[in-house]
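A short write-up of the structure that comes next.
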Amino acid sequence: MASPTFWDSSEKAQETVQQLKSLRSVAEPLRFAIQSCDDLTELASMLADDPAVAIEVETEITKLEVAIDQLELKALLSGPMDEFGAILSVHAREGGLDANDWAEMLLGMYISWAQKNGCSAELVDRCDNEGAGITQATVIIRGPSAYGYLKGEEGIHRLVRISPYNAESKRQTSFVAVDVSPEVSDSVEIEIAEKDVREDVYRASGAGGQHVNKTSSAIRLTHLPSGIVAQCQSDRSQHKNRAQAWKMLRARMARVEEEKQEAEQAIKYQNKTVTGFGSQIRNYFLHPDQRVKDSRTGFQIGNFHAVLGGELQGFLESFLKYKMVKEAGQ
């Protein structure tokens, strides 16, 4: 990074910076834990001569326990793609306008989580719904182990509330599907034959100015053998949107390959093809009471608005631990 030519290639430089952040997120807590052990040993040796040191020993033990908990959590983020960025998409499903509104709320939740945890969030695709909210959107979240943390968010998210779109103020249940793929770097080999990909060019939708809406700059790529779709309309340049769409397609193909490997090892848990009642990974309640509960781990928080404001870490960490126990059991 000290090289004068380091920033000649912005994309490669950013990958290196991201790699450094990921390494530091493990090395620094480890260094702290080792130092705490040394300090604790020294304090313990002083106990016989000065019983008052016991208070400092207890404080040091508490600090060390916290450090070890964090290191154990980092050990769970050891998958081959966990350190990559996450390409996260939300898709409105059953529930009409409430589902569209719910999709926009979830998009905001993930962007807020990114901002609170030192990650960047780049919106690359958004399709607004005429009535309210969005039909679907895709955001790329980059930061230490972003994909490792967020891959457990893949699945159906269910909201129960009094609908603001219902004149009779009835309770409404709506569903949104979340897909998560790793943002694979160019160094990862993902073979995609161009003949197997259909490209569609269309006009960008939603806000963005006259140029965006009047030119066919948006790109949709469809991998014909698998049916996987990637699309981008975030830039006014068709060329840049095409490059981003190809990157997203490679990422989703990488995720498919990862799923195959997980299935072969009999450790895959999620089933994103099922939608509706009974298939959700998490329930969000605003009525009759406020709470958010994960269907897999049982972890819950009694503050709906805090979760929607990005307080997701408890859910993410509990799923990582849950997955470790499940894998150990198999």
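For this structure, a couple of remarks:
- Tilt relative to the chain, helix 238-264 - C-alpha long axis, 0 to 90 degrees, to 10: 60
- Placing +1 on the Cβ of every Lys and Arg and -1 on the Cβ of every Asp and Glu, with nothing else charged, gives the chain a dipole about its Cα centre of roughly 1580 debye.
- Note on the chain: GNM, Cα springs under 10 Å; of Tyr202, Tyr147, Tyr284, the largest mean-square fluctuation is that of Tyr202.
- Taking the C-alpha atoms only, the angle from helix 10-46 to the longest principal axis of the chain is near 20 degrees.
- Within the listed set Ile55, Ile34, Ile141, the residue fluctuating most in the Gaussian network model of the chain (springs between alpha-carbon atoms under 10 angstrom) is Ile55.
- A straight line joining the Cα centroids of the range 3-55 and the range 140-182 runs 35 Å.
- Within the range 108-196, the GluC sites (Glu not before Pro) that combine a DSSP coil assignment with at most 12 other C-beta atoms in a 10 angstrom radius are Glu130, Glu168, Glu189, Glu191.
- Relative contact order %, the chain, counting alpha carbon pairs below 8 Å whose residues are six or more apart: 17
- Counting charges near Arg31 (Lys, Arg +1; Asp, Glu -1) among other residues having Cβ under 14 Å from its Cβ returns a value of 0.
- Estimated from helices alone, the mean residue ellipticity of the chain at 222 nm is -14000 deg cm²/dmol (sum of -39500 (n - 2.57) over DSSP H runs with n ≥ 4, per residue).
- If you bin all the Cα-Cα distances of the range 1-138 at 10 Å, starting from zero, the percentages per bin are 10, 23, 22, 20, 15, 7, 3, 0.
- Structure-derived Cα extents along the principal axes in Å: which label, when the choices are (1) 57, 47, 44; (2) 80, 61, 42; (3) 61, 45, 40: (2)
- Fluctuation leader among Glu42, Glu28, Glu257 - the chain, Gaussian network, Cα springs under 10 angstrom: Glu42
- Relative packing of 97-106, 66-75, which averages over residues the other C-beta atoms within 10 Å, highest first: 97-106, 66-75
- Cross-link pairs Lys74/Lys151; Lys21/Lys247; Lys63/Lys323; Lys12/Lys323; Lys21/Lys74 - those with Cα-Cα distance over 24 Å: Lys63/Lys323; Lys12/Lys323
- Near Val90: Cβ cut-off under 9 Å, other residues only, Lys/Arg at +1 and Asp/Glu at -1. The net charge is -2.
- Cut-off 14 Å between beta-carbons: net charge of the residues surrounding Glu72, Lys and Arg +1, Asp and Glu -1: 0
- In percent, rounded to a whole number, the relative contact order of the range 6-75 is 35, using alpha-carbon pairs under 8 Å and six or more apart.
- Computed from Cα atoms, the angle from the helix 54-75 axis to the main principal axis of the chain rounds to 30 degrees.
No value in this document is a laboratory result; all are computed from the given coordinates. All values derive from a computational prediction rather than experimental measurement. All Cβ positions, even for glycine, are placed from backbone atoms using ideal geometry, and neighbour counts span all protein chains on display.
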